[in-house]
Amino acid sequence: MSFRKTISRLALAAALLGGLGSVAAKADGEIYFPLQSYRVGPYAAGGTGFFGGFIDYLNLINERDGGVNGVKFVWDECETEYKVERGVECYERTRSTHQPAGPAAYNPLSVGIAYALIDRATSDKIPLITINHGRTDSTDGRVFPYVFPLQLNPWSEASATVNYIGQQLGGLDKLAGKKIAVLYHGSPYGKETIPIFDLLAKKYGFEVTQIEVPHPGNEQQAQWLTIRRLKPEYVVLRGWGVMNPVALKTAVKTGFPVDHIIGNVWSNSEEDVIPAGDAAKGYVSVTTHPSGTEFPVVKEIVEKVYGKGVGNLEDKGRIGSVYHNLGIVNGILNVEAVRIAQAHFGNRALTGEEVQWGFDHLVLDDKRIAELGATGLVQPLQVTCADHEGGGAVKFQQWDGKTWNVVSDWVASDRALLRPLIEQSAEAYAKEKGIQLRDCSAANPS
Amino acid sequence: MTDLTLSQPRQGLPAWAGRLPVALLLAVAFGVVPFVGDQYLFDAILVPFLALSLAGVGLNLLTGYAGQVSLGSAAFMAVGAFASYNFILRIEGLPLLAGLALGGVTAAAVGLVFGLPSLRLKGFYLAVSTLAAQFFVQWALTKFDWFSNGNASGVITAPPLTVLGISFDSSVGRYLFSLIVVALLTLAAWRLTRSEIGRSFIAVRDRDVAASSLGISVLRVKLLAFAVSSFIVGVAGALWAFAYLRTVEPAGFDLDRSFQILFIVIIGGLASIRGAFLGAGFIVIFPLILSRLGQALLGDTFDSGVLENAQKIVVGGLIIAFLIAEPAGLSALVARLTRRNLN
């Protein structure tokens with residue numbers, strides 16, 4: 001009877017699906033990082049470098065120290081292709097595995113995915129880390145207890161970039177009457193800074209033109225012709241993936257001087273400039289961390305992780321590249337948060353809620369950074385209950401055709417200007433969603 | 001176009017027997033699944049499956065039944081999602097279902113406008129002209145931040161799913177909410193295909209000159225097809241945004257999504273309501289099963305990029321195999337199998 005056959009096939013399929021769930025669950029007593037990585041698609045260069053660095057650092061801690069305070073790290077990857085619905089599926093797939101502790105934190109490295117996860121991660125009490133990107137107003141930890149745009153949120157980046165341009169011109173007062181064009185990626189990430197550039201333009205009296213490049217950005221002739229007509233003093237490139245080398249090549253083609261293009265923190269990698277060839281020589285970009293392999297922590301990764309053949313990057317030439325080092329920085333911040341939380345809760349696998357406490361109290365001073373072998377790689381950071389960014393400063397680097405050379409000291413953002421706007425935006429969100437603000441006052445130190 | 005016409009009642013079986021599987025399926029979906037499923041099943045598999053199935057049903061009315069090829073489905077989904085959001089945001093106390101319906105009506109209106117070229121264009125030329133909808137809508141939603149309530153990133157946050165004071169904001173709730181909406185609209189679409197209007201759709205598809213000589217207004221039928229289809233696709237877009245992602249950005253409704261829905265219809269079977277569900281199952285659920293299988297079996301050996309590319313090859317190969325086995329789609333394949341089994 002074929003009906004029965006169909007039923008039995010269905011049952012088999014159901015059993016298979018159910019079984020997969022249990023395969024994923026591993027022994028407890030491990031700290032689990034679900035990785036929503038992307039190794040396929042237009043942004044694969046960023047994905048492989050970043051997640052490669054993150055995994056390499058976790059591997060280093062496992063191999064060298066036997067984990068953090070004796071608790072090992074485990075992780076698995078779920079491919080998102082940088083697509084929101086795939087990222088959401090990956091989240092749902094992993095959120096309740098590795099019980100009782102569950103996932104320690106999510107690091108999607110995609111603004112779109114991060115946006116979709118804010119509600120989910122908050123109600124599941126799992127931290128959501130958006131290093132150097134994310135939703136700016138999630139800096140306000142009173143409204144977004146579980147979201148951490150660590151080191152640098154997009155508005156800080158825009159503000160620091162304008163400060164740097166001011167420095168180059170010989171003072172912020174020289175900005176008045178100048179023209180700046182912002183070329184941004186047509187995605188939530190790219191659009192995040194539109195109001196801030198408008199605000200800064202008003203404050204300093206320069207004229208800003210913001211031009212969108214539709215995803216993925218492999219055709220920009222029209223945009224650069226507009227720029228040529230406009231003749232701005234500087235172009236701020238807020239690109240991502242393939243958009244960056246195309247922008248540099250098109251700039252040269254349309255005769256715009258490359259050393260007056262300032263790339264943002266997602267337009268600053270070797271993968272962005274090498275494909276552009278000679279066109280990229282002289283290009284300047286923001287960075288929160290230099291590239292290079294001279295840092296002790298990177299050397300140790302080469303020796304103890306790649307030496308044992310468990311390194312994650314296929315192309316060893318990419319070790320110490322901007323994306324790889326960012327992954328390592330991200331690893332350091334996540335592991336330090338776990339360490340701080342363990343000092344409070346005990347040396348064991350921690351729940352997401354406990355790891356959140358660690359991020360909320362994440363402090364990295366120069367001494368600790370030196371102990372980690374990351375002097376010059378990570379900026380000092382102090383995250384608090386109310387401030388989930390913690391840093392906010394950047395350096396600028398210039399591409400000489402072979403390597404990135406740091407060309408500035410730390411350039412700070414105007415946090416005093418941004419903070420009220422962040423709070424205003426966060427409070428509007430809280431009102432819309434009916435969120436009770438967390439008390440971060442001195443009576444409730446954190 | 002295919003040679004599918006109205007389905008014939010099976011010989012030797014009473015009329016209700018043909019509907020038994022659907023009734024059984026609905027009984028299971030409403031009566032069993034909510035009690036046995038877990039959050040992953042609801043939030044990551046069934047809700048997106050239902051939303052895209054509904055979009056498939058909508059497009060099938062237009063492409064399968066009325067013969068008008070559209071590459072703008074994602075645009076109409078976006079219109080539905082953003083319009084529902086704005087109606088609920090800006091009209092105090094507007095019930096959620098009314099917001100969904102108004103979103104659908106807005107999508108229908110936009111569909112009507114972009115359906116106008118169908119009066120002059122056919123086939124591939126019409127498909128290309130519907131691309132205009134795809135690009136225009138995405139551009140407009142990105143360009144004017146009024147649509148996303150001035151949010152810096154252009155991302156909207158979904159309103160809570162509450163109907164008559166009952167909250168559907170749990171995973172089972174979102175599933176049941178989607179299921180009810182999808183079941184009702186699918187029923188309506190199914191009734192429509194069996195009505196005079198449905199027959200006129202098919203008449204226009206098969207030969208519009210003949211249809212007009214029968215007294216059918218080709219103009220009216222084509223525009224009606226665009227409107228009805230866009231309404232359903234618009235509601236599907238709102239479901240996708242509110243029940244599945246719970247945030248939505250215009251880039252989520254790009255040309256890839258339009259193609260995805262078109263493939264759902266083609267692989268599932270043109271002019272078949274069942275086909276939309278089978279196609280959505282193949283396009284939405286099957287890659288997930290494959291991805292989880294791949295990760296569980298080979299995740300330690302290969303990185304996720306290699307697995308992902310391998311899955312694409314498998315899915316692509318299967319699509320070719322299916323279409324060779326049955327060019328009329330999965331629906332026809334299922335029909336053939338059940339017929340063989342019954343005999």
How about region A:171-199: which of its residues are within 14 Å of chain B (Cβ to nearest Cβ), out of contact with any Lys or Arg (no Cβ under 7 Å at 6 or more places or on another chain) and of a type outside the set (F, W, Y)?
-> A:G186, A:S187, A:P188, A:K191, A:E192, A:I194, A:P195, A:I196, A:D198, A:L199
List every residue pair whose Cβ atoms lie under 9 Å apart, where the two residues are 6 or more positions apart in sequence or sit on different chains, the first residue falls within region B:284-313 and is over 18 Å from A:L35 (Cα atoms), and the second residue, located anywhere, is buried (at least 21 other Cβ atoms within 10 Å of the Cβ) and of a type in the set (D, E).
-> B:Q311/A:E79
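Look through region B:194-224, keep the residues that are of a type in the set (S, T, N, Q) and touching a helix residue (DSSP H, G or I) at 6+ places or on another chain (Cβ under 9 Å), and return whichever of them is surrounded by the fewest Cβ atoms within 10 Å (Cβ to Cβ).
This residue is B:S217.
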Unique residue being surrounded by fewer than 24 Cβ atoms within 10 Å (Cβ to Cβ), in the same structural domain as A:D272 (by TED's automatic domain parsing) and more than 23 Å from B:A140 (Cβ to Cβ) when the list is A:Q167, A:Q221 | A:Q167
Given the conditions (1) more than 14 Å from every other protein chain (Cβ to nearest Cβ); (2) among the charged types (D, E, K, R); (3) in a helix (DSSP H, G or I), and given that A:R142 satisfies all but one, which numbered condition is not satisfied?
-> (3)
Being touching a helix residue (DSSP H, G or I) at 6+ places or on another chain (Cβ under 6 Å), at pLDDT below 90 and hydroxyl-bearing (S, T, Y), is that true of even one residue in region A:419-438?
-> yes
Test each condition in (1) within 14 Å of another protein chain (Cβ to nearest Cβ); (2) without any contact (Cβ under 8 Å) to a residue 40 or more places away in the chain for A:N405 and report the one that comes out false.
-> (1)
The number of residues in region B:153-176 that are out of contact with any strand residue (DSSP E or B) (no Cβ under 8 Å at 6 or more places or on another chain), hydrophobic (A, V, I, L, M, F, W, C) and touching a residue at least 60 places away in the same chain (Cβ under 8 Å) is 4
Exactly one condition in (1) over 30 Å from A:K431 (Cα atoms); (2) assigned by TED's automatic domain parsing to the domain that holds A:E354; (3) of a type in the set (D, E) is not met by A:E207; state its number.
-> (2)
Scan of region B:151-197 for residues that are more than 14 Å from chain A (Cβ to nearest Cβ), part of a helix (DSSP H, G or I) and hydroxyl-bearing (S, T, Y), ordered by number | B:S178, B:T186, B:T193
Is it fair to say A:G320 is modelled with pLDDT of 90 or more, small (G, A, S) and farther than 30 Å from A:V258 by Cα?
-> no
Tally, over region B:129-150, of residues that are surrounded by fewer than 23 Cβ atoms within 10 Å (Cβ to Cβ), within 10 Å of chain A (Cβ to nearest Cβ) and assigned to a loop (DSSP other than H, G, I, E, B) | 3
Give the residues of region A:59-104 that are within 13 Å of chain B (Cβ to nearest Cβ) and part of a helix (DSSP H, G or I), sorted by residue number.
-> A:V84, A:E85, A:R86, A:G87, A:V88, A:E89, A:C90, A:Y91, A:E92, A:R93, A:T94
Go through region A:170-186 residue by residue and tally those that are of a type in the set (A, V, I, L, M) and touching a residue at least 40 places away in the same chain (Cβ under 8 Å).
-> 4
Matching helices (runs of 4 or more DSSP H) fully within region A:299-410 where at least 1 residues are in contact with a helix residue (DSSP H, G or I) (Cβ under 7 Å, 6 or more places away or on another chain) = A:322-345, A:352-360
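Can you find a residue that is surrounded by fewer than 17 Cβ atoms within 10 Å (Cβ to Cβ) and among the hydrophobic types (A, V, I, L, M, F, W, C) anywhere in region A:261-273? I'd like the intermediate steps shown before the answer.
Just the residues of region A:261-273 that are surrounded by fewer than 17 Cβ atoms within 10 Å (Cβ to Cβ), to begin with: none.
Taking every residue of region A:261-273 in turn, none turns out to be surrounded by fewer than 17 Cβ atoms within 10 Å (Cβ to Cβ) and among the hydrophobic types (A, V, I, L, M, F, W, C).
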Restricting attention to region B:267-282, does a residue exist that is more than 12 Å from chain A (Cβ to nearest Cβ), over 15 Å from B:N60 (Cα atoms) and crowded, with 18+ Cβ neighbours inside 10 Å?
-> yes
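The values are calculated or read from the model by the stated rules, or taken from the named source; none is laboratory data. What you see is a predicted model; the values in this text were computed from it and never measured. Here Cβ is always computed from backbone atoms with ideal geometry, including for glycine, and neighbour counts include all displayed protein chains.
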